[in-house]
Every structure is written in C-alpha cells, then in structure tokens.
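Since the structure comes first, as structure tokens, the remarks are kept for the end.
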Amino acid sequence: MPLKLKDLVEATTIPAAPALAFAEGEGAIRCVACGHRCYIKEARSGICRVRFNRGGALRVPGGYVAGLQIDPIEKKPFFHAYPGRDALSFGMLGCDFHCGYCQNWITSQALRDDDAVALPRKCSAEDLVALAVQHGAPVVVSTYNEPLITSDWAVKVFEKAREQGLVCGYVSNGNGTPEVIEYIRPFVSLYKVDLKSFDDKHYRQLGGVLQHILDTIVLLKEKGFWVELVTLVIPGFNDSETELREMAKFIASVSVDVPWHVTAFHPDYKMTAPPRTSTTELDRAYAAGKEAGLRFVYPGNLPGLVGDRKNTNCAACGATLIRRRGFTVIENRMTGNACYECGTVVPGVWEKRAPTHSNGTGLPRAIRI
C-alpha cells in the first residue's frame, strides 16, 4: 500500500536546530522557527504541519526537495543583487500561511490540500551545492514554500554553499522571530519579503499577523541582510490609496533604499474572484512609493506595459544603470557597485565584474537530482 504524503514527510526529517526548539515541560516543545511560536504537544505538529513532536523531540524537514530549478535571480525578485545571474532555487513542503492566491500552492499547501501533488525527492546538501556549481549559479535560494519553517535544513545546505563561495538567500513571507533570524544570519545574505497587505484583518485571513512581518522587516535591516520587498497588488484586497500609501511610508521609514516590487495579480488557486491587476493599479502603487521617497520602485508582472520602470536608475543623476526586459538583463552599465556616470554608490549586493547582460534566456530551467 503506497505511503501517504504525511508519512513520506515524517519519514524524511532531521532533528530541529536547538536554537529553534525549547522544551516546555511534560514533553511539549516551543518552536520558534516562525512568528506563530507554536506550543507543540507530543504527537502533534505546528501550524505549518511539517514541524512535529515525536517523543518530546522536534522533528523538522530535511534531506529532500520538492521543487528545484535554475531561475534568473530577477525572478525571485532580486533586482539589486547579482543582476543577470542565475540562482539555484530549491523548496520543500509546507507553509505557516494559507494564502488563497498562492502561486506555489502545490508545495506550500501540500499537507493541507489533497489536490497539491508535490512529492519529496531525497537529496543531500552536497547534491544541491554541486548542482549550483555545475550550472554556474553563484546564488542559492530557499523558496517555493516558506523557508523559515525549513531553516534547519536550509542552513545545512547554505553551510556547504558558503564553502564554495556561493551567496545564499530566502524568499519568504517574513513571519519571523528574533531567534530564527539570528540562527540564519551567518549564512543568508539576501532576503525577499512578501509584504502582502497593511491591514491586520487581511493578514489574519492569510494566516498571519501584520505586526510580526513589520517587526521582521525592521530586524532584517538592523541585522544587515540585503532586503527587497514585494507586494502583489490585488484589486479590492490591498490596492486602496490609503493602504498603498501607508505601506510605502512604512518601507521608507525602514530605508528609502529598500527596493519595492509592486506586482500584478492574476486569479490563481482559490482566489479567482478579483480581476487581474491593471496598469492603473500598478501606477498608483508606483506613485505611492515615489511620494513616500522610495528610490527604487519596480512594477512587475505586466510585460511591456510598465514602460522603463523595471530599469534601475541612479538615484543621484538619473542615469539608466540596468535595463531589463522581463527577467532578462539586456544591459548593465554599472561600474562595480556605482553609477558609471556620476560614481554614486548604488545600494545592493554587486559583483566587481558583473556580466553586462544576462547570459541565458531569462527563463527558469527545471533540473533534477
């Protein structure tokens, strides 16, 4: 009789990192891998469904992937880190949120939704790093599900990746804790957060608490991560003038140099009622960012309809530094980390000798262990 997905997941685990699990007495454990801080009794799991208590010890995902491919780093999206380069992207199963519009629901909701069919494939940390090196990807990113809840395994991968001189990143909902941020800090340089709304009621519909995400964004900047933020602009959900402006003001209060990607929604998964985001909504989000003083605001997901706003321009002299078409860098004129025209340093994580354009097609490429 074939194993159920839950059994497969429970058979592919490692002990939790001691920094992320604390005994609470009577066999219960407090997990601090995400902002839910689940109190997990014997034989129970946390909200994420993939961190569970067996015999008074927390078992967590490890030794497998459920999603694996080579992506242009612009797809993550990181626009101010290794432009034109590829990133080896890996994901596992599970999430601490249950967003109705999730585009990665096949992996993130695998233990909540019987229609999610992603299966774990066993691998080692060394296997993943070898693939990154083989494909010439200087960046390794944990993505596709929520990386915070699989940080124990990500750190094992990233330890090996750092030994090979690779840069590591998270693509996350930002529902962190000080403990997990401190745990991953030695290994993670790039961190993308989905700022999904600025309304706590809406966040609770998705399974989170707004303040937890805001606190994490502030902490990430304080700890020296390179942070980029993404807001999927959803008509009728988070696209009001007030909400967009409040969101932009918050980001500016953290740093006007944080890139803000405002991207277009399309009906997906369980959220099929709202219409697709129009250029008008993206224009309003872009204007809110600029009005708040943000230096780098990037509309996305509407190819060919946002003009040159996907380009990176010098905040001092206005020179176009990086020109993009979709996820492809078609021209990079930066001099190391600075504007070629006026010499102003551009915030980000840059190579000394970056490619002048993307070497590939700007499309993801599936790979297998």
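The values are calculated or read from the model by the stated rules, or taken from the named source; none is laboratory data. These numbers come from a predicted model, not from an experiment. Cβ placement follows ideal geometry from the backbone for every residue including glycine, while neighbour counts extend to all protein chains displayed.
A few remarks follow.
- Among the residues examined, A118 qualifies as modelled with pLDDT under 95 and aliphatic (A, V, I, L, M).
- Every test in (1) assigned by TED's automatic domain parsing to the domain that holds S197; (2) touching a Lys or Arg at 6+ places or on another chain (Cβ under 8 Å); (3) farther than 22 Å from L363 by Cβ is passed by A315 save one, and that test is (1).
- Where K249 falls short, out of the listed (1) touching an Asp or Glu at 6+ places or on another chain (Cβ under 6 Å); (2) in a helix (DSSP H, G or I): (1)
- Some residue of region 19-28 being touching a Pro at 6+ places or on another chain (Cβ under 9 Å), more than 28 Å from T231 (Cα to Cα) and touching a residue at least 60 places away in the same chain (Cβ under 8 Å): no
- Selection within region 69-99: residues that are closer than 22 Å to G326 by Cβ and aliphatic (A, V, I, L, M). The member of this set that is surrounded by the most Cβ atoms within 10 Å (Cβ to Cβ) is A87.
- Put simply, of V167, V155, V209, V139 the only residue that is in contact with a strand residue (DSSP E or B) (Cβ under 6 Å, 6 or more places away or on another chain) and farther than 22 Å from T263 by Cβ is V167.
- Filter pass, K196 being basic (K, R), within 19 Å of V262 (Cβ to Cβ) and in the same structural domain as D239 (by TED's automatic domain parsing): yes
- Counted residues, region 282-298 - those being surrounded by 22 or more Cβ atoms within 10 Å (Cβ to Cβ) and out of contact with any helix residue (DSSP H, G or I) (no Cβ under 7 Å at 6 or more places or on another chain): 3
- For A23, the test of being assigned to a strand (DSSP E or B) and more than 24 Å from A118 (Cβ to Cβ) is passed.
- Just one residue in the set R59, R51 is within 17 Å of Q109 (Cα to Cα), of a type outside the set (V, I, T) and modelled with pLDDT of 95 or more; that residue is R51.
- Yes/no for D114 being in the same structural domain as V167 (by TED's automatic domain parsing), acidic (D, E), out of contact with any strand residue (DSSP E or B) (no Cβ under 8 Å at 6 or more places or on another chain) and surrounded by fewer than 22 Cβ atoms within 10 Å (Cβ to Cβ): yes
- Among the strands (runs of 3 or more DSSP E) confined to region 268-369, the ones with at least 2 residues that are under 22 Å from I251 (Cα atoms) are located at 297-300.
- Residue check, E26 surrounded by fewer than 24 Cβ atoms within 10 Å (Cβ to Cβ) and farther than 23 Å from G207 by Cβ: yes
- All told, I40 falls short of being among the β-branched types (V, I, T), within 21 Å of the chain's Cα centre (by Cα) and surrounded by fewer than 23 Cβ atoms within 10 Å (Cβ to Cβ).
- Pairs are defined by a Cβ separation below 7 Å, a sequence spacing of at least 6 or placement on different chains, a first member in region 126-149 that is farther than 30 Å from C99 by Cα, and a second member that is of a type in the set (S, T, Y) and modelled with pLDDT of 95 or more; the pairs so defined are P138/Y82.
- If the condition is being part of a helix (DSSP H, G or I) and farther than 26 Å from A21 by Cα, then region 58-110 contributes I73, E74, K75, W105, I106.
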